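Written below as structure tokens is the structure these notes are about.
The values are calculated or read from the model by the stated rules, or taken from the named source; none is laboratory data. This one's a predicted model, so the numbers in the text were calculated from it and none came from an experiment. Every residue, glycine among them, receives a Cβ derived from its backbone with ideal geometry; neighbour counts consider all protein chains shown.
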Amino acid sequence: VFVILFNSHTQATDEVVVLTVATDDNHGLERFLRSAKVYNIDVEVLGKGEEWSGGDMNFPGGGQKVILLKNRLEKLMKADNKEKIILFTDSYDVMFLGNLDEIVKKFKSFPDTRVLFSAEQFCWPDAKLATQYPNIEVVSPYLNSGGFIGYLPEIYEIINSNPIKDKDDDQLYYTKIYLDKDLRESLKITLDHKSEIFQNLNGALSDVQLRANTTEEWPYIENVVTKLRPLIVHGNGPVKNTLNHYGNYLAKSWSVNEGCVLCKEKKIQLKEDNLPSVMMAVFIEQATPFLEDFLDQVIDTDYPKNKIHLFIHNNVEYHENEVEKFFGAYSKEYASAKRINSGDFISEAEARNLAKERCINSACDYLFSVDSLSRLESNVLRYLLSSGYDVIAPMLTRPGKAWSNFWGALNSAGFYARSADYMDIVYGVIKGVWNVPFITNCYLLKMSLFRAPKAKAVTYVQEGHDSDMAFCASLRELNIFMYVSNEEDFGHLVNPETYDITKTHPDMYQLFENNMEWTTRYLHPEYLANFEEDRKHLMPCTDVYWFPLMSDRFCDEWIAIMEAYGKWSDGTNNDKRLESGYEAVPTRDIHMSQVGLERHWLQILKDYVRPLQELVFTGYYHNPPASIMNFVVRYRPDEQPSLRPHHDSSTYTINLALNTPNVDYEGGGCRFIRYNCSVRNTKKGWLLMHPGRLTHYHEGLLVTKGTRYIMISFVDP
Ligand code: UGA
């Protein structure tokens, strides 16, 4: 009657002591303890704060675990605890996936078993022992010491049956006992070959499936070979990154209905009257398109500047003036400011180390590392600080591309590999904060973590490796987890691949690679207003439409590019640039093909001019618009001041004013003879669009002073 009164929960938890070893308090342990908490499991951590003398765990070692366990069990043995169950697991790379009731029930279902060890597919650390195993015709034939469960007296006996030293290998120790037939049988030791409880991941990655997208609320793993759902998972040996990936979902970290549960648990509230102090470390390591925008974004960061220590490493001579201007204007507003120039000849990796050291050695709570390729919303720093994660990057991608500032997985050589969820994260199908093996370009580091003695090993400098690869590798080595968040839209990355600083105004050439910044800077601020409903399009002469197209800055830089090139045509009928070699109505001009902007201009015609044409000359669709003649004309009194009446050989012609009458020049304009109508007050950045041959016979009016520039295309000749 007494027994019946106990429910199975109390029974199981009462009789089980759950033990682990963790000398260090790291993210692996944090994850392990959280998973225990999620399943109501009380864990006793052995060895806390002690020196680890169990060797480098990339090699045989770990005897210290056995010794710690031995000391603990001695105390338990003194009481009469014969039927007490001991569950032991590693901690840095282990997660609970079920509660103790389930675990104990499974254990008790093993026939004739008093101790159950987890099992794996590698006979490690001594492969020669494989032949001594009694049964290898199973999924996981060999003993793994990262998890076992059994009755106290038997485990006690196992642990005391042979001497062991800290540096000896614990797995080898247990293996030898298991392979001793007498001991195996007398102590009733069994291996969990099918992963009824323990799933070791090393060697088993193709057997194990993460099920994160089912009708069940909580993701789980399934061993698809044995069709079982393990209750404890162990990322033993070199597959820690896979466990990190699983950890994003398992132990109720992710809910199929609610998304990222763990993110919500971690969040902290920033105290406005006591904001942490941050080193904002800015790295300009390569020639960067639209750097000006980047520096504006640094200034616009939503955070009090007296809480920010600014650190800038500019490694690009080309950007020196711009950085100088920025630093001169704003550095005094920051709590402190340090600048390293390209002339200081400090490598990227060294500079990154310097920033980290500077932050470690000062009253700096966080290091916010930002590369010039990143384009951030102003709230990113605050978001990262309140995320509660120690190492976290905001996800940034090249717009519309799968290129991002994180890797979801690593290949065996330590380079990029695509994780199963990479695309879903990049495209925002799932949103959350993700434990990943590599982050770059922009991230926040909590400095307390890096002040620990062990963290001295964190470095950006490693022979033969990029600085960010070296950095992330050293974090992984220390069990420091790095995360990337795609909870919100944080910004994007610019693409520096084709950036050519030998060009005049190289940003102008970035229409394709960095279209977002290009259109922001170069399209007319009123361009989109052209498409507003009820918009009255200006028509200064019959069928001559007038639209705002390009910005002032576009016009200035466009002219500057032409003048820097400088090879204006001579205004004669002979024109070698044309197939025929003959121009009937010659001007002083430069063709876009001469300055490498032909492809760009045609794209402008297609993306920004054609939609205007379709607004006003309705019913005519020609996509993409064709245009062979695209050129800037220069009119000036001492050169060619006007152009005689002529027809254009085009379906329609566009004429973009690049400067301003009565400011940059006097006179000028365009007269449409058939309608006796002139447009003299042309507007910089505005486009005149009119039909070509037949109706719009026109002439270029005399420029009497200064220089007039226009950009012309004969569309669909
Ligand atoms: C693998 C097995 O999974 C281990 O159970 C086994 O001890 C080891 O091989 C071996 O036989 O040498 P692995 O999983 O890669 O090793 O090892 P780690 O997880 O890095 O270390 C094992 C456990 O030792 C940790 O999970 C942690 O519980 C403890 N440990 C390790 C510390 O407490 N402090 C340390 O500095 C290192």
Of the residues in the range 449-468, those that are buried (at least 18 other Cβ atoms within 10 Å of the Cβ) and either basic (Lys, Arg) or within 10 Å of Ala349 (Cβ to Cβ) (or both) come to Tyr460, Ser467, Asp468
Taking the range 204-236 and keeping residues under 29 Å from the mean Cα position of the chain (by Cα) and within 16 Å of the ligand (Cβ to nearest atom) leaves Ala204, Leu205, Val208, Val233, His234, Gly235, Asn236
Selection from the range 358-392 of residues among the basic types (Lys, Arg) and either modelled with pLDDT under 95 or surrounded by fewer than 16 Cβ atoms within 10 Å (Cβ to Cβ) (or both) yields Arg382
So, first residue crowded, with 17+ Cβ neighbours inside 10 Å in the range 695-717, second residue at pLDDT below 95 and hydrophobic (A, V, I, L, M, F, W, C), Cβ within less than 8 Å, six or more apart or across chains; the pairs are Ile712/Met629; Ser713/Met629; Phe714/Ile628; Phe714/Met629
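Quick grid of which residues meet (1) over 45 Å from the mean Cα position of the chain (by Cα); (2) farther than 19 Å from Tyr697 by Cα; (3) without any contact (Cβ under 8 Å) to a residue 24 or more places away in the chain:
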position: Tyr565; (1), (2), (3): no, yes, no
position: Pro611; (1), (2), (3): no, yes, no
position: Asp638; (1), (2), (3): yes, yes, yes
position: Leu643; (1), (2), (3): yes, no, no
position: Glu666; (1), (2), (3): yes, yes, no
When the range 12-63 is checked residue by residue, the ones that are outside any strand (DSSP E or B), near the ligand (Cβ under 9 Å from one of its atoms) and within 19 Å of Phe96 (Cα to Cα) are Ala22, Asn26, Gly28, Leu29, Phe32
Among (1) surrounded by 14 or more Cβ atoms within 10 Å (Cβ to Cβ); (2) more than 26 Å from Arg476 (Cα to Cα), Ile284 falls short only on (2)
Filter the range 567-598 for residues that are touching a residue at least 60 places away in the same chain (Cβ under 8 Å) and either of a type in the set (A, V, I, L, M) or assigned to a helix (DSSP H, G or I) (or both); the one that is surrounded by the fewest Cβ atoms within 10 Å (Cβ to Cβ) is Ala584
Within the range 124-155, of all residues that are free of Cβ contacts under 8 Å to residues at least 40 places away in the same chain and part of a helix (DSSP H, G or I), the one nearest to the ligand (Cβ to nearest atom) is Ala127
Taking Ile103, is it surrounded by 13 or more Cβ atoms within 10 Å (Cβ to Cβ), more than 12 Å from the ligand (Cβ to nearest atom), under 39 Å from the mean Cα position of the chain (by Cα) and of a type outside the set (Ser, Thr, Tyr)?
yes
Of the residues in the range 668-694, those that are assigned to a loop (DSSP other than H, G, I, E, B) and without any contact (Cβ under 8 Å) to a residue 40 or more places away in the chain number 5
Is it fair to say Asn257 is over 22 Å from Arg476 (Cβ atoms) and modelled with pLDDT under 95? yes
Subset of the range 156-189, residues farther than 30 Å from Lys78 by Cβ and within 16 Å of the ligand (Cβ to nearest atom), comes to Leu179
When the range 156-165 is checked residue by residue, the ones that are buried (at least 18 other Cβ atoms within 10 Å of the Cβ) and part of a loop (DSSP other than H, G, I, E, B) are Ile164
Scanning the range 428-463 residue by residue, those in contact with a strand residue (DSSP E or B) (Cβ under 9 Å, 6 or more places away or on another chain) and either free of Cβ contacts under 8 Å to residues at least 60 places away in the same chain or basic (Lys, Arg) (or both) turn out to be Lys431, Phe438, Ile439, Lys446, Leu449
Result of the Cβ filter at 6 Å on the range 221-242, keeping first residues that are touching a residue at least 40 places away in the same chain (Cβ under 8 Å) and partners that are of a type in the set (Gly, Ala, Ser) and not in a loop (DSSP other than H, G, I, E, B), at least 6 apart or interchain, is Ile232/Gly147; His234/Gly146; His234/Gly147; Asn236/Gly146
Within the range 254-264, of all residues that are touching a residue at least 40 places away in the same chain (Cβ under 8 Å) and more than 21 Å from the chain's Cα centre (by Cα), the one surrounded by the most Cβ atoms within 10 Å (Cβ to Cβ) is Val256
Of the conditions (1) under 21 Å from Asn248 (Cβ atoms); (2) of a type in the set (D, E, K, R); (3) surrounded by fewer than 21 Cβ atoms within 10 Å (Cβ to Cβ); (4) in contact (Cβ under 8 Å) with a residue 12 or more places away in the chain, the single one that Glu50 does not satisfy is (1)
Reported set for the range 304-315 where residues are in a loop (DSSP other than H, G, I, E, B) and either in contact with a Phe, Trp or Tyr (Cβ under 9 Å, 6 or more places away or on another chain) or among the hydroxyl-bearing types (Ser, Thr, Tyr) (or both) is Asn315
Filter pass, Glu333 being surrounded by fewer than 18 Cβ atoms within 10 Å (Cβ to Cβ), farther than 29 Å from Gln510 by Cα and touching a residue at least 60 places away in the same chain (Cβ under 8 Å)
no
Among residues of the range 393-439 being under 9 Å from the mean Cα position of the chain (by Cα) and surrounded by fewer than 24 Cβ atoms within 10 Å (Cβ to Cβ), the residue farthest from Arg375 (Cα to Cα) is Trp407
Within the range 64-74, can one find any residue that is under 27 Å from Asp207 (Cα atoms), within 10 Å of the ligand (Cβ to nearest atom) and of a type outside the set (Phe, Trp, Tyr)? no
When every residue in the range 696-706 that is in contact with a Ser or Thr (Cβ under 8 Å, 6 or more places away or on another chain) and of a type outside the set (Asp, Glu) is compared, the one farthest from Gly669 (Cα to Cα) is His696
Scanning the range 336-357 for residues that are among the polar types (S, T, N, Q) and farther than 19 Å from Tyr443 by Cβ, the one surrounded by the most Cβ atoms within 10 Å (Cβ to Cβ) turns out to be Asn341
